[in-house]
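Enquirer: Here you go, one structure.
Just so it is clear, none of the values below were taken in a lab; they were calculated from the coordinates. Please read these numbers as outputs of a predicted model, since none were measured by experiment.
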Amino acid sequence: MALFFIEELTFAGMFGNIIAIASGVGFAVMALLLRKQKDGSPIESIILGNLIAGAIGLPFMLISPPPDAAGFGALLVLGVFQLGLPYLLYAYSIKRVTALEAVLIPVIEPVLNPVWVLIFLGERPGPLALVGGAIVLGAVVVRALIALHAGKVRPIAVP
């Protein structure tokens, strides 16, 4: 992931880079802890985590101007389709994958972001970003193939 940022790494954006790294580490810790409680019900932990995040963000929301109707609509759509539904699917799947897969699979999303930016905005990622993306995607594929070959997972049957 570091290869994504190294080409345009500046001290001016260092605080944002530190926050991004902390966010990634936090997500990895969450995935490992959810996997650890796989025999329980990880959805309660996800709900509690989001309630805590909401409580932390509430003071900032109160000092900001309220969004208009379009803003509330966007918040609703993002809350349901970007956070709610993916968290439900993640809580469901966490019981069925290894801890490594629980961390590696979500990494595909930030790796593919430059692809979407290229397709929709025409902005080309730098060579190091492409190398970084290839490394991450390659690691996910190799890990899946090793697990499949070792008999730890079964291929998904397509009806």
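Enquirer: Just check region 25-73 against the gyration tensor rule for me: Cα atoms, a ≥ b ≥ c as the square roots of the eigenvalues, rounded for a/c under 1.5, and otherwise prolate or oblate depending on whether a/b exceeds b/c. Intermediate values should be presented prior to the final figure.
Expert: Details: a/c = 3.15, a/b = 2.53, b/c = 1.24.
It comes out prolate by the Cα gyration axes.
Enquirer: What number does region 16-99 give for Rg over Rh if you use C-alpha atoms and the Kirkwood radius?
Expert: Working: Rg = 15.1 Å, Rh = 14.6 Å.
On the Cα set of region 16-99, Rg over Rh gives 1.03.
Enquirer: Under the rule a/c < 1.5 gives rounded, and otherwise a/b versus b/c splits prolate from oblate, where does region 41-159 land using the Cα gyration tensor? All intermediate terms of the calculation are to be shown ahead of the outcome.
Expert: Values: a/c = 2.41, a/b = 1.38, b/c = 1.75.
Since a/c reaches 1.5 but b/c is at least a/b, the shape of region 41-159 is classed as oblate.
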